[in-house]
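Have a look at the structure below, then the notes.
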């Protein structure tokens, strides 16, 4: 029998330094402080926060208790922990932020309490990287202070927005202004009365032969004439008030030329720069949600008796608990690797890992949370526990920021590219497929 030809080990990136996921003293301190805050202020107040989201029009107004908790978090220095490439945040790398974002992901309310919630984090990163001094003064400062909120208007109801080049919103220059016409939906945060600024993606040059140079991004104050928030769109029946996911129309909306970000034709580039960090933040939070679901599942199984013995004694639950632990830890390690690569070789070089975690983490969370719901029985699908909302959120993230299919397609193409080069054909080729004899 011939020995299989050994292939060179594929590099994981340009940086060849060893991966080190150990938490620094600074991170461990922040972890402990965040966990204490969660135990003292977030978990005990979840029911009260839900209750303060009143019915009717007031659902979209600020929640008094939430604003109080935000003030407490800011006073304790647990504020703006993201922004790895800026001195405006806590000075943490993506790798350092990962375990902190995971803790926040354990509760629906926590990210906003620490001013680390989407879409504001992504929008702030856009303003930090691509905004002018005027943009930063008018919009970034109040966002960093938690005084206002923002929304990101990219997805459209009339096209397959998984391909961002399909976007049809029209942005045309008219003298010293741009005129915007189009319709967006899933504009997260657009229903919130605190939302003051939209980042809108549309086409300024629809005839450009380079499909990735047709789009631009522009800042649109939400109170600009012609901007209409049509409706909040529920997700599996959850409207996520006061945040929400809005359908927004733009009818002859005029904004100054200076509101364009980076210049015409740079929208796709900005989108890729924004969505990388946004995707990894979602994955970090999902890991935290899955951890809490597993914890809830174990406590429930130990505390319930069926057919004369604790439900936890049923071996099927041993298998499910083991599977959940494996799934969570696998997803965490892959997410940490992606964060490490973003820090060491940049978001572009980490595109495969970012795509991988965007597939793995939501699917993992859906599986783990589903197990927990099953352990809770009827209570698991009620509003008495956070599991139903957690599942709805995790399932949505198999679509948001690019559906599974798009990311899997990219991963497959990037993997094939390793073997499609002349060098790859020469070193691999037939040797890799010859039968053993």
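The values are calculated or read from the model by the stated rules, or taken from the named source; none is laboratory data. For clarity, every value in this text was computed on a predicted model and none was experimentally measured. Don't worry about glycine lacking a Cβ; one is built from the backbone with ideal geometry, like all the others, and counts go over all protein chains shown.
Checking the structure you have, find out if any residue of the range 338-358 is touching a helix residue (DSSP H, G or I) at 6+ places or on another chain (Cβ under 8 Å), closer than 25 Å to residue 374 by Cβ and either assigned to a helix (DSSP H, G or I) or modelled with pLDDT under 95 (or both).
No, the range 338-358 has no match at all.
Test residue 262 against the criterion of being farther than 13 Å from residue 123 by Cα and touching a strand residue (DSSP E or B) at 6+ places or on another chain (Cβ under 9 Å), and give yes or no.
yes
Condition test on residue 123, is it modelled with pLDDT of 95 or more, in contact with a strand residue (DSSP E or B) (Cβ under 8 Å, 6 or more places away or on another chain), buried (at least 16 other Cβ atoms within 10 Å of the Cβ) and in a helix (DSSP H, G or I)?
Against the criterion (modelled with pLDDT of 95 or more, in contact with a strand residue (DSSP E or B) (Cβ under 8 Å, 6 or more places away or on another chain), buried (at least 16 other Cβ atoms within 10 Å of the Cβ) and in a helix (DSSP H, G or I)), residue 123 qualifies.
If you take the residues of the range 47-62 that are more than 24 Å from the chain's Cα centre (by Cα) and either in the same structural domain as residue 245 (by TED's automatic domain parsing) or not in a helix (DSSP H, G or I) (or both), which of them is surrounded by the fewest Cβ atoms within 10 Å (Cβ to Cβ)?
Out of the qualifying residues, it is 55.
If I ask for residues that are assigned to a loop (DSSP other than H, G, I, E, B), under 20 Å from residue 167 (Cβ atoms) and touching a helix residue (DSSP H, G or I) at 6+ places or on another chain (Cβ under 9 Å), which ones from the range 217-274 would you list? Write out each step before concluding.
Narrowing the range 217-274 to residues assigned to a loop (DSSP other than H, G, I, E, B): 222-226, 233-234, 236-237, 239-244, 261-266.
Among the residues that remain, those that are also under 20 Å from residue 167 (Cβ atoms) are: 222, 224, 226, 233, 261-266.
Answer for the range 217-274, where residues must be assigned to a loop (DSSP other than H, G, I, E, B), under 20 Å from residue 167 (Cβ atoms) and touching a helix residue (DSSP H, G or I) at 6+ places or on another chain (Cβ under 9 Å): 261, 262, 264, 265, 266.
Are any residues in the range 293-328 under 30 Å from residue 21 (Cβ atoms) and loosely packed, with under 13 Cβ neighbours inside 10 Å, and if so, which ones?
295, 299, 318, 319, 322, 326 - these are the residues of the range 293-328 that are under 30 Å from residue 21 (Cβ atoms) and loosely packed, with under 13 Cβ neighbours inside 10 Å.
Being surrounded by fewer than 24 Cβ atoms within 10 Å (Cβ to Cβ) and either at negative phi or touching a strand residue (DSSP E or B) at 6+ places or on another chain (Cβ under 8 Å) (or both) is true for just one of 159, 113. Which residue is that?
Every option except 159 fails the conditions.
Look through 240, 223 and report the one residue that is out of contact with any strand residue (DSSP E or B) (no Cβ under 7 Å at 6 or more places or on another chain) and surrounded by 15 or more Cβ atoms within 10 Å (Cβ to Cβ).
240
With modelled with pLDDT of 95 or more, assigned to a loop (DSSP other than H, G, I, E, B) and crowded, with 22+ Cβ neighbours inside 10 Å as the only criterion, which of 190, 146, 202 stands out?
Only one candidate qualifies: 190.
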